[in-house]
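Right, one structure below, let's go through it.
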Amino acid sequence: MRHLLYIVPILLALWFVDQCLSRDRSVGWERNAMRGFEWRWTKADGRSVLLIGSSTAVDWLPPEYLAPLLGVSRPQILDAHVNGCHQDCAHAIVRRAALEARHFKLAILGVNQFQQCDDLHPKRILQQHTLLPTRDWPRALALHARGEQPMLAAGRLLGNTLSGAYGDTAFLQSQWRDALLGPRDAKQAHRWYTREAPPKTRPFCDYAPARVAYKLAVTAALLDDLGELSDRVVLVLLPDASLSQLADPSRHAAWEAHRAAHQQLAASRPFVTLIDLSRDGARLPADFSDGFHLSKRGISLQQQLFARELAAAGLR
Amino acid sequence: MSFTSPAFVVFFLLFFWLWPSLRGRPRQLFLLAASYLFYASWSAPLLLLLLGSTLLDFSVARAIGRSDDPTRRRQLLGLSLLGNLGVLACFKYYNFFADSAAAGLHALGLEVSAPTLAIVLPVGISFYTFQTLGYTIDVYRRNLAPCASPLDFALYVAFFPQLVAGPIERAGHLLPQLRALSSADPPRPDLSGFGLIALGAFKKVVIADNLAPIVDAVYADPAHAWAPALWFATYAFAFQIYCDFSGYSDIAVGVARLMGVSLTQNFRAPYAALGPADFWRRWHISLSAWLRDYLYLPLGGNRSGRWRTARNLLLTMLLGGLWHGAAWHFVLWGAYHGLLLVIFRAGFWDRLNTRLPLRPLVSLIRWFVFFHLVCLGWALFRAPTLGDCQVILAKLLDPRGWQLGAWLGEVEASGEGRLLALWALVMAMLLLVQALGRVGSEVWVARMWRAPPALRFLLLVALFYACVLLAPEAPQPFIYFQF
């Protein structure tokens, strides 16, 4: 037990330092992004439409566009997105809604392909830990057990809760970097080491079954819980710039696996309607501003397709 | 489950929560189960290989101990060598030798497609194989009595703090300590282990992992890299690999200390070395001592004349290089260090001090020159392929292509100048600490542990918090795990 005499005060001290550093509303962008969500969430009771997911799921769905499409007034739409909020974070929000006994007529959840392979980013863990009601921790850990590295995920969840700092590290580093070293120009940064700019690489989910097992398990749990909260659930498959590279067999196979997995999830849940925006909508690099978020042209294409698909599904 | 992963934090907390409450055999059984769990977190099927190696060397050593017939003893030792080196040859070197043979035949005009094996390199195989092999050789030489308890021996092979990347422990040093864990009066935990863990984690997470992207960027495409950038990345790699590997060793030694077990010191300020022999007494000490005792000395060491000594040194270092990885650039790195040892053995280097009056200045020059020779070796070690070694050395060693002024202009335009200056400063400080201190982490931590408790605690918190806060977003695996 003498070991704990060292470990516990160290963890407490880490927690204290973190309180000083990242709870002052000026540092800790990742936390502050959630404060925006908190504000919208607590103000908005009795809404009928729930928008959930990351920024890519909602930044093309402004209330002024969506409200007339669904035939509801703008204040009826609750935008519960959080930047970078993937399935586990969305699940935490849904568990919270269940705890507060909220009810909706329609819930719209957008998922990206690249999200399927990204489950250990410190930001995701911060969001999950912050938003998940304590009583649902065992549920989250059980879902993490379906992932590639359950111990790692559990450790991060624990580490984040105890030290509080884990999820903010990348942000604090980048802030300090900017303050100490000046802002970084990603387009010029290579010049110190090479005469030729290296090719750009973007995150790509290879859709290997082991890598996506956790995310599909969370999506399934998320849809089931949403089904309890909402009369109807719309699961939207969002496009990204990798759709312009379908000639590459690995990209093609990844997209096909992504669609098939979500079709299966929707087919086994009668309350879920799948809207696949990855087939005929935005797909060219010009349709995206950074590979994932849509450009003006991409937004226009996506809104048109969404409206058509919604009508075809009888939800308009 | 890397030492610097949150998963290990959970494992560590659970382990040390239960550890103090156990006594006797259950304590050893618990440690063994934890060690196997630790190894299985990488690959459960490959645990069978570890068990096989344990069983083989335990049985062979017992049989050697029982026999007085020299022929039978030799045969049994041969069996152990065949088993251990066979596993290494199969899992680590088969594809390398098959590809090399095919390439050699291709050069002679013969087209042969060598069959390759689609197998994963078992983590830590080079470490635990050498450890068990060392034990059997010690028993064969009658330096050690064979271990009577399978549990003690299984623990000696699988002891989790040093299982996957050393230090490579001698049975005579580790086995009695592991045996003592089940005694009525087990060894008391040494809490200075926390200091070593914190320092090791700091070295790995804050220094090595943040230097990694700088090194990787340059070495990804050395042909198009600026020559001064290649020098900078080579210096960075020298500190990355030191902080990565010695950081791991510090954590291993620290965790073992919390159980009351003392592991071998693996590093002692290697960049303070004034020559190659001095360097190998400071770098990866447990491996160089193993190679000395089980390879170099049996080959004849330095007792059979100058040429045989040179041959023995070269052979030992070639195999040392190959031990690091199944690739020709590792062999080249080993050969390079072998050549350095042979050349420096001629004695001119050591005579410099006595022949010249300005001894401190000469020592400084010796240190500076030798540090750069080590860095050139690291360039060979880090090169992606053997072909790249030639490009890299040509760029590093040809001052006409350095274009320092043009490069500084590019650094300015890239906006990374201050970051590089910051890292240059950090590396210079690390070098200075090693050159002046000339001692390893254990000594620094012992000094830290002599400080007043409040200061000691603050230092620990600062080190841990720096790890949490300054860790790069993408954690890097330990470099030596691949060996």
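Close contacts from region A:145-158, counting a first residue that is more than 7 Å from chain B (Cβ to nearest Cβ) and a second that is hydroxyl-bearing (Ser, Thr, Tyr), with Cβ to Cβ under 6 Å and a gap of 6+ residues or different chains, come to A:146/A:214; A:147/A:214. Residue-level analysis places residue A:223 among those that are surrounded by 13 or more Cβ atoms within 10 Å (Cβ to Cβ) and in contact with a strand residue (DSSP E or B) (Cβ under 6 Å, 6 or more places away or on another chain).
When you check residue B:58 against the structure, is it farther than 22 Å from residue B:193 by Cα and away from chain A (no Cβ under 14 Å), yes or no? Yes. The set of residues from region A:287-316 being modelled with pLDDT under 90, exposed (fewer than 14 other Cβ atoms within 10 Å of the Cβ) and hydrophobic (A, V, I, L, M, F, W, C) comprises just one member, A:313.
Number of residues in region B:439-478 that are among the charged types (D, E, K, R) and surrounded by 14 or more Cβ atoms within 10 Å (Cβ to Cβ) equals 2. Among the listed residues B:198, B:158, B:165, B:102, identify the single one that is surrounded by fewer than 22 Cβ atoms within 10 Å (Cβ to Cβ) and among the hydrophobic types (A, V, I, L, M, F, W, C). Checking each option against the conditions leaves just B:102. Applying the criterion of at least 3 residues that are touching a residue at least 40 places away in the same chain (Cβ under 8 Å) to the helices (runs of 4 or more DSSP H) found wholly in region B:312-416 leaves B:328-345, B:359-382, B:386-397, B:404-414.
With respect to the conditions (1) in a helix (DSSP H, G or I); (2) hydrophobic (A, V, I, L, M, F, W, C); (3) out of contact with any helix residue (DSSP H, G or I) (no Cβ under 6 Å at 6 or more places or on another chain), residue B:208 falls short on a single one, namely (3).
For every residue, the table says whether it meets (1) without any contact (Cβ under 8 Å) to a residue 60 or more places away in the chain; (2) out of contact with any Gly (no Cβ under 7 Å at 6 or more places or on another chain); (3) surrounded by 13 or more Cβ atoms within 10 Å (Cβ to Cβ); (4) more than 20 Å from residue A:154 (Cα to Cα).
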site	(1), (2), (3), (4)
B:14	yes, yes, no, no
B:24	no, yes, no, yes
B:31	no, yes, yes, yes
B:48	yes, yes, no, yes
B:57	no, yes, yes, yes
B:67	yes, yes, yes, yes
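Inside region A:266-310, can you point out the residues that are among the aliphatic types (A, V, I, L, M), touching a helix residue (DSSP H, G or I) at 6+ places or on another chain (Cβ under 9 Å) and free of Cβ contacts under 8 Å to residues at least 60 places away in the same chain?
Once the filter is applied, which keeps residues that are among the aliphatic types (A, V, I, L, M), touching a helix residue (DSSP H, G or I) at 6+ places or on another chain (Cβ under 9 Å) and free of Cβ contacts under 8 Å to residues at least 60 places away in the same chain, region A:266-310 yields A:266, A:272, A:274, A:275, A:277, A:282, A:284, A:286, A:301.
Of all residues in region B:210-233, which are buried (at least 24 other Cβ atoms within 10 Å of the Cβ) and away from chain A (no Cβ under 11 Å)? Selection gives B:211 alone.
Here is a yes/no grid of residues against (1) within 13 Å of residue B:152 (Cα to Cα); (2) within 14 Å of chain A (Cβ to nearest Cβ); (3) polar (S, T, N, Q):
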{"position": "B:24", "(1), (2), (3)": "yes, no, no"}
{"position": "B:28", "(1), (2), (3)": "yes, no, yes"}
{"position": "B:34", "(1), (2), (3)": "no, yes, no"}
{"position": "B:40", "(1), (2), (3)": "no, yes, no"}
{"position": "B:49", "(1), (2), (3)": "no, no, no"}
{"position": "B:54", "(1), (2), (3)": "yes, no, yes"}
{"position": "B:63", "(1), (2), (3)": "no, no, no"}
{"position": "B:67", "(1), (2), (3)": "no, no, yes"}
{"position": "B:70", "(1), (2), (3)": "no, no, no"}
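All conditions in (1) in a helix (DSSP H, G or I); (2) more than 10 Å from every other protein chain (Cβ to nearest Cβ); (3) crowded, with 20+ Cβ neighbours inside 10 Å hold for residue B:3, with the sole exception of (1). Can you spot a residue in region B:255-265 that is in a strand (DSSP E or B), within 14 Å of another protein chain (Cβ to nearest Cβ) and small (Gly, Ala, Ser)? There is no residue in region B:255-265 that is in a strand (DSSP E or B), within 14 Å of another protein chain (Cβ to nearest Cβ) and small (Gly, Ala, Ser). Restricted to region A:161-180, and to residues there that are surrounded by fewer than 22 Cβ atoms within 10 Å (Cβ to Cβ) and more than 8 Å from every other protein chain (Cβ to nearest Cβ), the residue that is modelled with the lowest pLDDT is A:171. Of all residues in region B:420-440, those being under 22 Å from residue B:409 (Cβ atoms) and within 24 Å of the chain's Cα centre (by Cα) number 1. Within region B:301-318, the presence of at least one residue that is within 27 Å of residue B:441 (Cβ to Cβ) and not polar (S, T, N, Q) is confirmed. Entry remark, region A:277-316: residues being of a type in the set (Gly, Ala, Ser) and part of a helix (DSSP H, G or I) number 6 in total. Taking the stated definitions as given, is residue B:429 away from chain A (no Cβ under 12 Å) and either surrounded by 13 or more Cβ atoms within 10 Å (Cβ to Cβ) or not in a helix (DSSP H, G or I) (or both)? Taking the combined requirement at face value, the residue does not satisfy it.
Take the conditions (1) within 11 Å of another protein chain (Cβ to nearest Cβ); (2) closer than 26 Å to residue B:377 by Cβ; residue B:237 misses just one of them, which is (1).
Would you check if there is a residue in region A:181-199 being at pLDDT below 75 and more than 10 Å from chain B (Cβ to nearest Cβ)? Within region A:181-199, not a single residue is at pLDDT below 75 and more than 10 Å from chain B (Cβ to nearest Cβ). Here region B:409-419 is the region considered, the condition is being over 33 Å from the mean Cα position of the chain (by Cα) and facing chain A (nearest Cβ under 8 Å), and the residue that is surrounded by the fewest Cβ atoms within 10 Å (Cβ to Cβ) is B:413.
The values are calculated or read from the model by the stated rules, or taken from the named source; none is laboratory data. Because the structure is predicted, anything quoted here is derived from the model rather than measured. Don't worry about glycine lacking a Cβ; one is built from the backbone with ideal geometry, like all the others, and counts go over all protein chains shown.
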